[in-house]
Amino acid sequence: MSYGAEDRSKPLARVIMRAPGPAMAAADPKTWHYGAGFDPARAEIQHAALARIVADSGAQIHWLASNDDGLSDAVFVQDPSFVTRHGAVVLNMGKPLRRAEPDLHAAFYETIGVPVIGRLSGAATVESGDCFWLDTQTLAVGRGARTNQAGIEALGAILAPYGIAVQAYDLPWWTGPEACLHLMSLVSPLGPDIALIHAPLVPYALWLAMKDRGWDLLHAPEDEFMASNGLSLNVLALAPRDVVMVDGFARTRAVMEQAGCRVQTFAGDALCIACEGGPTCLTRPVLRA
């Protein structure tokens, strides 16, 4: 099997990435809700540093073309789709500026040999940043500004024939719908049964479901979470307990290291902090094997 990314007990083997490129270089930060530290030239350098870490881990990177298409947020390839061992699910973006991105993913999967088993459309919205695998047969989905009830129901209908359950959890309002609060802004799995969380905003029912499944939940320092607008918590698992995060959050890093994790970092102020998307958002796992 050359695709399937739901089993976090396995290392990352295939991943999609897209460089910031001309779309981000031409982006109006006010339109895209980017912060004061946004710098397209430095964002390109920082993205390349993350790509080197991913490649050095042994994962094959499939590069989605970075065109002058006006889709600045398309660098955050996590969100428009996800991949199961049965094939890819192409989603429908809650952020209107990103509505064209699922078409890019659907076409790209054909070129890399991944079948598409379903696709959302119309008013049904789900962004994959709101999704993570509680186990290989259960997908947790956050209901909030980017993912609605119609999307959750449509996603459940796509996955049910494969024996995959969708479990929805309500997200808080926090700083409002214009900002990017995904479920994975609050929970970063570091392996199949360990996660870094921001406990004050995690839905209690999700916390309980994870504890019942035996997850080890590490509490991220609240001051670093707030200072980074949640990006201190955005951690990519290259393999179980082998992770990469944005530099500058030493206490969060220490929490993971004390739990036996190997932690690599890269500078992300101009890309991740400014644009509200960390290393998880910048990668779309295709295969863990």
Quiz item: Can you pull the Rg over Rh of the range 22-142, Cα-only, Kirkwood?
Solution: 0.97
Practice problem: Specify which residue in the list 254, 88, 78 is farthest towards the positive end of the charge dipole of the chain, using unit charges on the beta carbon of Lys, Arg (+1) and Asp, Glu (-1), about the Cα centre. | Solution: 88
Quiz item: Build a GNM of the chain with springs between Cα atoms under 10 Å: which of 248, 151, 191 gets the top mean-square fluctuation?
Solution: 248
Self-check item: 226, 17 arranged by Cβ crowding within 10 Å, fewest neighbours leading
Solution: 226, 17
Self-check item: Relative contact order, percent, the chain [alpha-carbon distance under 8 Å, six or more residues apart]
Solution: 26 percent
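Which of rounded, prolate, oblate describes the range 1-43, given a ≥ b ≥ c as roots of the alpha-carbon gyration tensor eigenvalues and a/c under 1.5 marking rounded, otherwise prolate only if a/b is larger than b/c? Provide the component values of the computation, followed by the final result.
Values: a/c = 3.42, a/b = 2.75, b/c = 1.24.
Taking the square roots of the gyration eigenvalues as a ≥ b ≥ c, the range 1-43 is prolate.
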Quiz item: Using unit Cβ charges (K, R positive; D, E negative) and no other charged atoms, how large, in debye to the nearest 20, is the dipole of the range 63-200 about its Cα centre?
Solution: 200 debye
Quiz item: Along the charge dipole of the chain, which of 33, 45, 168 sits closest to the positive end, that is, farthest toward it, with unit charges on the beta carbon of Lys, Arg, Asp and Glu (+1, +1, -1, -1)?
Solution: 168
Quiz item: Points 7 angstrom from Cα along the Cβ direction at residue 247 and residue 1: gap in nanometres?
Solution: 3.8 nm
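Can you put 127, 6 in order of Cβ neighbours within 10 angstrom, beginning with the fewest?
6, 127
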Self-check item: Electrostatic dipole magnitude of the chain [Cβ: Lys, Arg +1; Asp, Glu -1; Cα centre; debye, to 20]
Solution: 500 debye
Practice problem: Provide, as a two-decimal number, the C-alpha radius of gyration of the chain over 2.2 N^0.38 Å, N being how many residues it has. | Solution: 0.90
Self-check item: Of all DSSP beta bridges in the range 12-288, antiparallel share, percent nearest 5
Solution: 45 percent
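Please rank 31, 125, 265, 280, fewest neighbouring Cβ atoms within 10 Å first, as an exposure proxy.
Numbers: 31 9, 125 24, 265 18, 280 27.
Going from least to most buried by this count: 31, 265, 125, 280.
If you add up the charges near residue 198, with Lys and Arg at +1 and Asp and Glu at -1, over every other residue whose beta carbon is less than 13 angstrom from its beta carbon, what do you get? Could you put the intermediate results ahead of the total?
Values: positive: none; negative: 222, 223, 224.
Computed value for this residue: -3.
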Quiz prompt | In sequence order, calculated HN-Hα J values of the range 59-65 (Karplus, 6.51, -1.76, 1.60; Hz; x Gly/Pro) | solution = 6, 7, 9, 9, 8, 6, 4
Self-check item: Computed [θ] at 222 nm, helices only, for the chain once each DSSP H run of length n ≥ 4 contributes -39500 (n - 2.57)
Solution: -7000 deg cm²/dmol
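Every number in this text was worked out from the coordinates using simple rules, so none of it is lab data. Note that the coordinates shown come from a computational prediction; the quantities given were computed from them, not determined experimentally. Glycine also receives a Cβ, built like all others from the backbone with ideal geometry; neighbour counts cover every protein chain displayed.
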